[in-house]
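The values are calculated or read from the model by the stated rules, or taken from the named source; none is laboratory data. This one's a predicted model, so the numbers in the text were calculated from it and none came from an experiment. Cβ placement follows ideal geometry from the backbone for every residue including glycine, while neighbour counts extend to all protein chains displayed. For accessibility, only protein heavy atoms count, side chains too; no ligands or nucleic acids. Shrake-Rupley method; radii C 1.70, N 1.55, O 1.52, S 1.80 Å.
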Amino acid sequence: MTRDTPVSDEILERSATIRLLGEAECRSDDGTVTRITDARVATLVAMVALEGGIPRTRAADLFWPQSGSTARTNLRVLLHRIQKTFDLKLFSSGDIIELAPHIRVDLQAPDSQLVLNCLASGAAGLRLLSSLELPEGLTEAGHWLAAARGQMEQRLTRSLIGWFERAGEAVDLSQSMALAEALISLNPLSEVGYQELMKALVAKGDRSAALAVFERCRKELQEHLGTHPSRTTVELHRQILRSRAEGQQLGSAGRLIQREVEIEQITNAISKRRIVIVEGPSGMGKSALLRHVAQERGDLYWRITEQDSSRPLASLHRITLHLIDRLRAHPDHRPQDLARAERFLEQLNPTHAPELGTPALTRSLLQSALDVIQLSRPERNTALMVDDLHLCDDESLDVLSTLVTESAALMPWCDFVLAYRPMRARRRLRALCEKLAASGRLKLVQPAALTSASVLRMLNEDGSALPPPLVEEAIRLSGGTPAILMGLLQACQDQGSLVGVPTPAMRSLLLQRLGSCSSTAEGVARLASVAGGSFSVRMASDITGLSSWRVAEKWNELLLAGVFDAKGFAFPLLETVVYESVPETVRQFMHGEVAAVLERHGATAAELAHHWRMASDMARAADYERKLTTGSSSD
């Protein structure tokens, strides 16, 4: 142990704080700092702090296991040396070693203080006694220290996760990034830290860095566990890719193209007190449309995230936190109003709500939610725009559904605009839409594909010199899907061609559509991508063993997801992405199956030659190629 000031002759009972996380040190209230370099001393303080006191006999046996009768003497010498070194009385007298009342230890701080300590010290302050190790031979003490380190890491992890859950969206981004890095340092194989760091970087506007964090997470899991990121992390990655694709629009930031009809539909429906549902597959610009309308009207926009579906009442909890932050920001807010809102947060803790999903609990939560909304109610009529409703947890959706269907009586000053992807809607959400439709209050808005006229007009207004044929090809490939089309136009502008598309961002966005379907429907789509123009319901039935009506049912599922239209794939780029998603060996086998079916039902020699060649059956391919050259047709 080292210190910068001389030791006084008198041991003083003055206050001090001992830090054991990171570099161990003792800081007196007068500013004197003494480093703790003796691992026995630091471990003893940690034991007493965490266990609330230990018998002297146990301490002696732990730190001098081979010393026999001299162990107690060694302990007395150590305790005396501690007091002389620190010029402090750290422990109370008696057979039980306990901290003196005027001594504070960082390990005993509440969770909120631990989080602040993480901010102050960074990753270096996360490990218990980071630079100290006990001498060899102290086996039991060494095991205790290892276990204590593990327990502290778990506590720090819980504290940090709790901080993120409470923080919601009203958070300092620099703090959020620092604490996310701390989480990753504590456990590089836990995905929560990566998720929070990705979200903070996106909020900061650095999507590229957020995508790099995902790659870092993926490599860590693959290298150490041989696994892939969870569905939550993958969905967050896809959302970032999608937002980046949407953000690649040419022209001014946040600009909408060819959405005059949809905007008018929404505003007219709101004026008539109807509930608006905006539905469509990924990439159609639902989020951009809702954000635009909310900004123009001054309404509240709220986007539900994948994490909101992870536990009961999570969606309601996060939006309540947001409303509380809005209430705090109001200069005339009353403390009793905040207290009432925070009591509602307690209700949203699943452990405090044992009867989840019951009508009685839903009604109770509904009334409390109304009270909180009333506290932050604007002075004028407003609309609540809820995006990605398909991600909402069922319990929160029960409350929201009642609020929406009874809004005319419960909240006559508030209207609702809800957006979701049809194929990801769960039973409760479908039931809500059916109930609204039956009541006559539903207005369905489906964003249309962009047309050549509107895109060319936009490019002309921006002074773009892109050749019209190249623009037309981009529209054909994308089917007018806004997020994909804007990415293609950006590629045209950057490199003058469509070489290198689809990009990884486009591929991920399009595969979200396929991922929302059942595994059987996915299989039908992949078969269709391999069969190409030869695909038919009969072929799918022959190869998959499904009845024709079951294949038709899966076709309809793919149609709702925006993968298929009435004739096949919704647009060419989607077919390309699905085809490329099939592993090469599986693709080769499927080409063979397609060729065999085509031979039985009759097909052109060109079709059969192509599929046998892609199946690597060169002999059969050569037979049909010879028939092509001689002008013969298939049997």
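Here are the numbers for the structure shown:
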| quantity | calculated |
| --- | --- |
| Set of lysines with alpha-carbon distance to Lys219 below 23 Å, sequence-local pairs under 8 removed | Lys199 |
| Leading residue at positive end of dipole, the chain (Cβ point charges), from Leu397, Pro359, Gly280 | Pro359 |
| Solvent-accessible area, 1.4 Å probe, carbon plus sulfur percent, for the chain | 51 percent |
| Kirkwood estimate for the chain, i.e. one over the average of 1/r between Cα atoms, Å | 29.6 Å |
| Hits among lysines - C-alpha to C-alpha of Lys84 under 26 Å, sequence gap 8 or more where chains match | none |
| Rounded to the nearest 10 Å², the accessible area of Asp494 at probe 1.4 Å | 110 Å² |
| Cα-projected label distance for Thr32 with Gln295, points at 7 Å along beta-carbon direction, nm | 6.0 nm |
| Pairwise FRET efficiency - Arg231 versus Glu51, Cβ, R0 = 30 Å, nearest 0.05 | 0.15 |
| Solvent-accessible ranking of Lys286, Lys199, largest area first, probe 1.4 Å | Lys199, Lys286 |
| Sites Met618 and Asn187, calculated FRET efficiency, Cβ-Cβ separation with R0 45 Å, nearest 0.05 | 0.30 |
| Under-5 Å amide H pairs with Val105, H placed in peptide plane, nonlocal only | Ile18 |
| Share antiparallel - DSSP beta bridges, the chain, percent rounded to 5 | 40 percent |
| Lysines whose Cα lies under 30 Å from that of Lys435, excluding same-chain neighbours fewer than 8 positions away | Lys272, Lys286, Lys443, Lys554 |
| Only Lys, Arg (+1) and Asp, Glu (-1) charged, at Cβ; the chain dipole about Cα centre in debye | 860 debye |
| Charge dipole magnitude, Cβ of K and R +1, D and E -1 - the range 111-231, Cα centre, debye nearest 20 | 320 debye |
| Spin-label pair Ala437/His322, simplified geometry with 7 Å Cα→Cβ offset, distance in nm | 2.7 nm |
| Amide H contacts under 5 Å for Leu300, placed H, 5+ residues apart | Ala383, Met385 |
| Modelled FRET efficiency - R0 22 Å, Glu472 with Tyr579, Cβ distances, 0.05 increments | 0.45 |
| Cα-projected label distance for Ser271 with Gln108, points at 7 Å along beta-carbon direction, nm | 6.8 nm |
| Cα long-axis angle, helix 504-515 against the chain (0 to 90 degrees, to the nearest 10) | 80 degrees |
| Table column - 3J(HN,Hα) (Hz), the range 101-110, Karplus curve with 6.51, -1.76, 1.60, x for Gly and Pro | x, 8, 9, 10, 10, 4, 5, 8, 5, x |
| With DNA, RNA and ligands ignored, accessible area of Tyr194 (1.4 Å probe; Å², nearest 10) | 0 Å² |
| Interchain or long-range residues, amide H under 5 Å from Val445's placed H | Ile277, Val278, Glu279 |
